[in-house]
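First up is the structure itself, then whatever we jot down about it.
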Amino acid sequence: MRAKIVAGNWKMNKNLAETGVLLSELKTKLKEAPDAKIIVAPTFTNLYYAFEELKEFDIEVAAQNMHQSENGAFTGEISADMLKSTGVDTVILGHSERRAYFGETDALLEEKVNTALRHDMTVIFCFGEELEDRKAGNHFDLVESQLKNALFKLDADSWKNIILAYEPVWAIGTGETASPEQAQEMHAFIRKTIANAFNAEIAEEVSILYGGSVKPANAKEIFAKPDVDGGLIGGAALDPQSFAAIANSF
Ligand code: PGA
């Protein structure tokens, strides 16, 4: 059975002291044996601290980004090896904010995914359409091309290290969510697309998370859809009460 996952993307929020406070609140608020795998993604400077703090708990730590090269003259960048040396072996790649504000293209993301997999990391791969795509009825084509360009040259075995996160850009941080039916429709399409490009078993096994204004009030309904395996949570992940409520929504 594929994994249920709730991941919190903290984005550029929480300094070291604030990270400590949020982590200790999460430790007390999350169920002891959660029904879903719980992941938190603090900023780079707090990854090692978070990893050490959460070692004894059922909460994994992920990075929000990573450079595609092994090492070298890339001022300000962070490599897969650096992440792994802090204990972190999961990375979010392709978030729409990286695509929009930092010019990350499908081709670049393909390189990043390949680098992460070479280091035996797990990738939470984000993708999703903009509002204009949906209005024009192009959302399925757009999502298919994002997947194809970054992931369809992978070998079948690599899929065990891939988690997909469908995040319609129009729903991120806007308070507007895709309806549970819209999420289900797209997730089923994604699974079918993967089954066609690879095989039914890979499509059945890959976890597909929904992201975009998931809150305690809507999580249960969205997660109840058969092809939705959990969520990638932004704003609500910064509030321990809300994140715990979402994590306990299965
Ligand atoms: P949001 O962000 O929950 O604040 O909409 C989701 C995300 O960006 O992953």
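Mind checking which of 147, 199, 159 is farthest towards the positive end of the stretch 129-250's charge dipole, using Cβ charges of +1 (Lys, Arg) and -1 (Asp, Glu) about the Cα centre? Checked the options; the winner is 159. GNM, the chain, Cα, under 10 Å: largest mean-square fluctuation among 137, 20, 211? Result for the chain, Cα springs under 10 Å: 137 fluctuates most.
For the stretch 66-190, the equivalent ellipsoid built from the Cα gyration tensor has semi-axes of 27, 16, 13 Å, listed from largest to smallest. Think of each Lys and Arg Cβ as +1 and each Asp and Glu Cβ as -1; about the Cα centre, that makes the dipole of the stretch 114-153 roughly 180 debye. Among 2, 99, 118, a tally of other beta-carbon atoms within 10 Å of each Cβ gives an order, fewest to most, of 118, 2, 99. From most to least packed by mean Cβ count within 10 Å, the peptides 220-226, 123-129 give 123-129, 220-226. For the stretch 1-114, a simple Cβ point-charge model (Lys and Arg +1, Asp and Glu -1, everything else neutral) yields a dipole of about 360 debye relative to the Cα centre.
With a/c under 1.5 counting as rounded, go ahead and sort the stretch 133-177 into rounded, prolate or oblate using the C-alpha gyration tensor (a ≥ b ≥ c being the square roots of the eigenvalues; past the cut-off, prolate if a/b is larger than b/c, else oblate). Note, shape of the stretch 133-177 comes out oblate. Here the relative contact order of the chain, from alpha carbon pairs under 8 Å that lie six or more residues apart, stands at 22 percent. Computed over the stretch 190-250, the convex hull of the alpha-carbon atoms projects to a mean area of 4.2 nm².
With 0.36 nm allotted per residue and the present C-alpha distance subtracted, the residue 148-residue 204 stretch has 18.4 nm of extension available. Over the chain, the fraction of Cα-Cα pairs per 5 Å bin, rounded to whole percents and listed from the shortest bin up, is 1, 6, 15, 19, 21, 18, 13, 6, 2, 0. Cα gyration tensor of the stretch 1-125, axes a ≥ b ≥ c as square roots of the eigenvalues: rounded (a/c below 1.5), prolate (a/b > b/c) or oblate? Note, shape of the stretch 1-125 comes out prolate.
Comparing 171, 73, 28 along the charge dipole axis of the chain, the residue lying farthest to the positive side is 28, per the Cβ-charge model. Farthest toward the positive end of the dipole of the chain, out of 115, 237, 48, is the Cα of 237, where the dipole comes from beta carbon charges about the Cα centre. Averaging Cα coordinates gives a centre for the stretch 1-39 and one for the stretch 158-211; these two points are 21 Å apart.
Only the coordinates and a few stated rules stand behind these numbers; no lab work does. Remember, predicted model here, so these are calculated numbers, not experimental data. All Cβ positions, glycine included, derive from the backbone under ideal geometry; neighbour counts span all protein chains shown.
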